[in-house]
2 protein chains.
Amino acid sequence: MISILIVGKGNVGTQLYEAFKSIETLNVQLISSRDLNAIPKSDVTIIAVSDDAVATVSSQISTDFVVHTSGSVPLSGLKNNTRKGVFYPLQTFSKDKKVDYTQVPFCIEATTESDVKLLETLAGFLSKKIYHISSEQRKAIHVAAVFANNFTNHLYKIAHDICDTHQIPFEILHPLINETADKIKVLPPALAQTGPAIRKDAATIKNHLFLLTEKQQEIYTILTKSIQNDA
Amino acid sequence: MISILIVGKGNVGTQLYEAFKSIETLNVQLISSRDLNAIPKSDVTIIAVSDDAVATVSSQISTDFVVHTSGSVPLSGLKNNTRKGVFYPLQTFSKDKKVDYTQVPFCIEATTESDVKLLETLAGFLSKKIYHISSEQRKAIHVAAVFANNFTNHLYKIAHDICDTHQIPFEILHPLINETADKIKVLPPALAQTGPAIRKDAATIKNHLFLLTEKQQEIYTILTKSIQNDA
């Protein structure tokens, strides 16, 4: 039996708790990060709090092995005086949409071989995608994820705005969005690039700019230039 | 029996031909756009050529009903002297990846009720997603698709570059990319936005910029600003 204490009742903490709860060989408890007075013992304490709070919360915890779940905080960002590690599920979490953990890559890091093994075991209950990732690499993954997730979502938002302006149902773009995301599993994105930018189709680019707001034009222009510079 | 002539052996023409070929009540022929001397009669002639070539190719065709497959060319871009229409499959086509037509929205337009019906019938053999879209709306869809597909793919490409620089397998981002694309089917993108930009997390943004090339920084900065302006 492995005992897990999760600290932090946000999206990540809550969803990890739900996922671990159903596994018989685990004993999992979830507490709020405001509730650090009487912390129960555990084999591993997972603090799932905002990046800014990792240092403060970890400094108040004295259990044997403390890990955080953040993509952008290095291992050294933990301020407990005991053993440290990272247990970073590389996925986007929302309160309104349950995550399928079997598809979530876990990026793990720890300073001793046995701690790495323990984190591998925990991740292995949920997913088959387990990666040993250093703090330096995790930082880079986090930036790459901002492009592949946060910025991509913002492009979807702009597409949604354009549809709204012209009374077009946004759902008409769903299959295209899916195909674009699927395609890069079989073709590297550099080879999957299509559209007026890569074709250097100046007439279409000019027509497109004419339909856009000033802010949309700015983004259209910089991304078009970037595609053409890469080609 | 409906007879279809497809002109143009590029990705769209070839894939439409393959899809129609297997349907018993259709008689479909495929010819090259360089081969316009002896054009067979047909109920509908679908010219699947590059946007620039639509006018020239259509001007050489005298069959009764000519449609193009382009997102960015208006109905009036056809220069045949007979009936005109548009049969635009809103999807990204590559030689190397077969498209599942059942998931492709067809945007159709024609000037007579019976031509609209004919195009509905044809699209209906392949897909259930059929939309009546005017030339003006189609222009807007095409721009929206550039954001949702071409520009999104370019962000994937930047994420791939960042992974390469730090010896991280790009596949680690596949589940995140999929989840990002799936999420907007249940949450509008404006509500699905996460990340340091929307959180106004200046420290993380600064750390991210430090890891990027100058060109990547430029894109990071403009998209971060745009997310914050929308919030």
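The values are calculated or read from the model by the stated rules, or taken from the named source; none is laboratory data. The model shown is predicted, which means the values in this text are computed figures rather than measured ones. As a convention, Cβ positions derive from the backbone with ideal geometry for all residues, glycine included, and neighbour counts pool all protein chains shown.
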**Prompt:** For residue A:156, are the conditions met, namely being farther than 26 Å from residue B:198 by Cα, free of Cβ contacts under 8 Å to residues at least 60 places away in the same chain and aromatic (Phe, Trp, Tyr)?
**Reply:** no
**Item:** The one condition in (1) crowded, with 21+ Cβ neighbours inside 10 Å; (2) more than 7 Å from chain B (Cβ to nearest Cβ); (3) closer than 19 Å to residue B:133 by Cβ that residue A:220 fails to fulfil
**Value:** (3)
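So that you can scan it fast, the table gives a plain yes or no per residue for (1) touching a residue at least 24 places away in the same chain (Cβ under 8 Å); (2) buried (at least 19 other Cβ atoms within 10 Å of the Cβ); (3) at the interface with chain A (Cβ under 8 Å from one of its Cβ atoms):
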{"position": "B:142", "(1), (2), (3)": "yes, yes, yes"}
{"position": "B:163", "(1), (2), (3)": "no, yes, yes"}
{"position": "B:173", "(1), (2), (3)": "no, yes, yes"}
{"position": "B:207", "(1), (2), (3)": "no, no, yes"}
{"position": "B:210", "(1), (2), (3)": "no, no, no"}
{"position": "B:215", "(1), (2), (3)": "no, no, yes"}
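Here is a yes/no grid of residues against (1) closer than 22 Å to residue A:16 by Cα; (2) at pLDDT below 95; (3) of a type outside the set (Ser, Thr, Tyr); (4) in contact with a Leu (Cβ under 8 Å, 6 or more places away or on another chain):
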residue	(1), (2), (3), (4)
A:106	yes, no, yes, yes
A:112	no, no, no, no
A:123	yes, no, yes, no
A:138	yes, no, yes, no
A:143	no, no, yes, yes
**Request:** Of all residues in the range A:123-134, count the ones that are surrounded by 17 or more Cβ atoms within 10 Å (Cβ to Cβ) and not charged (D, E, K, R).
**Result:** 6
**Prompt:** Can you find a residue in the range A:204-218 that is within 26 Å of residue B:164 (Cα to Cα) and modelled with pLDDT of 95 or more?
**Reply:** no
**Asked** Which residue, of A:212, A:187, A:173, A:191, is more than 28 Å from the chain's Cα centre (by Cα) and closer than 29 Å to residue B:179 by Cβ?
**Response** A:212
**Message:** Pairs please, first residue from the range A:64-76 and free of Cβ contacts under 8 Å to residues at least 40 places away in the same chain, second anywhere and crowded, with 22+ Cβ neighbours inside 10 Å and part of a loop (DSSP other than H, G, I, E, B), Cβ atoms under 7 Å, 6+ apart in sequence or on different chains.
**Reply:** A:66/A:78; A:68/A:78
**Message:** among the small types (Gly, Ala, Ser), surrounded by 16 or more Cβ atoms within 10 Å (Cβ to Cβ) and in contact with a Gly (Cβ under 6 Å, 6 or more places away or on another chain): which single residue out of B:42, B:72, B:33, B:58 fits that description?
**Reply:** B:33
**Request:** Evaluate the range B:104-112: report whether one residue or more is of a type in the set (D, E, K, R) and loosely packed, with under 15 Cβ neighbours inside 10 Å.
**Result:** no
**Asked** When you scan the range B:182-205, how many residues do you find that are β-branched (Val, Ile, Thr), touching a helix residue (DSSP H, G or I) at 6+ places or on another chain (Cβ under 7 Å) and within 7 Å of chain A (Cβ to nearest Cβ)?
**Response** 3
**Request:** Determine whether residue A:120 is touching a His at 6+ places or on another chain (Cβ under 9 Å), exposed (fewer than 15 other Cβ atoms within 10 Å of the Cβ) and not small (Gly, Ala, Ser).
**Result:** yes
**Item:** Contacts under 9 angstrom Cβ, first residue in the range B:175-202 being free of Cβ contacts under 8 Å to residues at least 24 places away in the same chain and surrounded by fewer than 20 Cβ atoms within 10 Å (Cβ to Cβ), partner part of a loop (DSSP other than H, G, I, E, B) and small (Gly, Ala, Ser), 6 or more apart
**Value:** B:199/A:50; B:201/A:50; B:201/A:72; B:201/B:195
**Message:** Every residue in the range B:151-175 that is out of contact with any helix residue (DSSP H, G or I) (no Cβ under 6 Å at 6 or more places or on another chain) and more than 18 Å from residue B:211 (Cα to Cα), please.
**Reply:** B:171, B:172, B:174
**Asked** Among the residues of the range B:155-195, how many are among the small types (Gly, Ala, Ser) and more than 13 Å from residue A:142 (Cα to Cα)?
**Response** 3
**Prompt:** Restricting the search to the range B:22-52, which residues are more than 19 Å from residue B:121 (Cβ to Cβ), out of contact with any strand residue (DSSP E or B) (no Cβ under 8 Å at 6 or more places or on another chain) and touching a residue at least 12 places away in the same chain (Cβ under 8 Å)?
**Reply:** B:50, B:51
